[in-house]
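To start, the structure itself, in structure tokens.
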Amino acid sequence: METFIWTIKPILYFVGAIAILLTFLPLLKFSAWWIRIGEFPRLQIALICVAVLIILPFFVSEMTLSRALFLLMLAACAVYQIYCVLPYIRVYPKQVQKSRVPLPKNVIRLFICNVLITNRKSHKLLKLVKKMNPDLVLLAEPDDRWIKEVAELKTTHPYFVEYPLDNAYGIALYSKLELEDLKLEFLVEDDIPSIHATVVLRSGKKVNLYCVHPRPPVPTENFRSLERDAELLIVGKKINQTDEPTIVCGDLNDVAWSWTTKLFQRISGLLDPRIGRGLYSTFPVAYPFAWCPLDHVFHSNHFRLAELKRLRSVGSDHFPMYISLSLETTAEFTQEEPVADPEEHAEAEEMIEEAFKTLEEERQQETEEGMQEA
């Protein structure tokens, strides 16, 4: 028994110390991946803090000042992490109202899914799309093979744009509704496309649509969050310049409660329909304890929510999402949109400028190194 105690006690201290570190590092607001990664598993970190708080006292014979301070820090971290995710618990007030009588001609139904470029189960995706019957289907990560395998979508959704890539950042949009001003944009990086379009509803009213899939701050993709943050904030700035019905959707590779996503919401003025309704975690499918909400739909206060679902797995590492929004004339008068103050606008500008400056410096360095090698 004594051997077990001496084994488990350092493990509990180590796990608790990691939880504390992952809580405090993101407060620094640096873009390094090992700092920003702590923003993702906030609920998991809270649960770990609580577990250590409960278990550790059983394995210490004497409560010293250092141990008491350690437990106090764990408790503070648990409270802070729960505070961050609290808006996505059902008891929290809803940011988006439920539509009572959505008019069919003013409803837009979206199906979004990161298909996973190596996934070979396209038939599952097609079957689910057929069942949900959405107006728009947004796919992230399609390559040429995926585009060929979902070609039948073009018969039911005749308005489309496809940009397959082998780098897992291809994108495709299929629509039953007419698409105007359809553009492929490369807002920050030359190999990361986004789709910008105007969707014409059945009533003739128009909705601005932005479909994005920036790189995440993980060592296998990018050692920093600069480019992802800049892309989201550039889109937010574009939206801030208009007062038109707008939707932003896609795999944002960021969680809903991160300071970047919150800043994006305040800059853009868009609402999050999950607030007060649940996490709707979409990634990673195979590891339930690690689930985080990475796939998002944000919209202007011109809409009320008709339906929101996380759908069953289609073989990808992401769950698909389905949302039905109702464009209603009274919605904007009864739903308060987030507003950024001048300091937050300045912060967004600085982050965008830093991203482009860093990328330009790296390009120049690569050019100089190439010339030296030649």
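For the reader, a short list of remarks on this structure follows.
- Accessible surface computed residue by residue for the chain, with neighbouring protein chains in place and a 1.4 Å probe, gives 47 Å² per residue.
- Each of A75 and F223 was given a label point 7 Å from its Cα along the Cα-to-Cβ line. The distance between the two points is 4.1 nm.
- Summarising the label geometry, the points placed 7 Å from Cα in the beta-carbon direction at K206 and Q241 lie 1.5 nm from one another.
- Less than 5 angstrom separates the built amide H of C292 from those of T282, F283, all sequence-distant by 5 or more or on a different chain.
- Probe 1.4 Å - accessible area at K309, Å² to nearest ten: 80
- Within straight-line reach of K29, meaning a Cα separation under 26 Å, sit the following lysines at least 8 residues removed in sequence or on another chain: K237, K238, K262, K357.
- Residues L86 and T334, FRET efficiency given R0 of 30 Å [Cβ-Cβ distance, rounded to 0.05]: 0.85
- Euclidean distance of C-alpha centroids, segment 252-312 and segment 16-60, integer Å: 22
- For Cα extents along the principal axes in Å, the candidate list reads [x] 72, 66, 47; [y] 72, 54, 32; [z] 66, 48, 48; the entry that matches the value derived from this model is [x].
- Here the simple spin-label model places points 7 Å from the Cα toward Cβ, and for L65 and E307 these points are separated by 6.2 nm.
- Karplus-derived 3J(HN,Hα), 6.51/-1.76/1.60, for each residue of segment 23-33, Hz, glycine and proline x: 7, 7, 4, x, 5, 6, 6, 7, 8, 4, 4
- At full extension, E353 and L184 could sit 58.6 nm farther apart than now, given 0.36 nm per residue minus the alpha carbon distance.
- Most to least accessible of F40, F24, F289 (protein chains only, probe 1.4 Å): F289, F24, F40
- Two-decimal ratio, segment 155-303, of alpha-carbon radius of gyration to 2.2 N^0.38 Å: 1.05
- 3J(HN,Hα) from dihedral phi, segment 121-133, Karplus parametrisation 6.51/-1.76/1.60, rounded to Hz, x for glycine, proline: 10, 4, 4, 5, 5, 4, 5, 6, 4, 4, 5, 7, 6
- Accessible area of W291 (1.4 Å probe, protein heavy atoms only, ligands and nucleic acids ignored): about 70 Å².
- Ligands, DNA and RNA left out, the 1.4 Å accessible surface of the chain is 60% carbon and sulfur atoms.
- Going by accessible surface with a 1.4 Å probe and the largest first, V15, V79 read V79, V15.
- Rounded FRET efficiency, nearest 0.05, which uses the C-beta distance separating Q44 from T155 and R0 of 41 Å: 0.45
- Heavy-atom accessible area ranking, 1.4 Å probe, most first, across Y92, Y210, Y83: Y83, Y92, Y210
The values are calculated or read from the model by the stated rules, or taken from the named source; none is laboratory data. Since we're looking at a predicted model, the values are computed, not measured. Glycine also receives a Cβ, built like all others from the backbone with ideal geometry; neighbour counts cover every protein chain displayed. The area values use the complete protein model at the heavy-atom level, side chains included, leaving out ligands, DNA and RNA. Shrake-Rupley method; radii C 1.70, N 1.55, O 1.52, S 1.80 Å.
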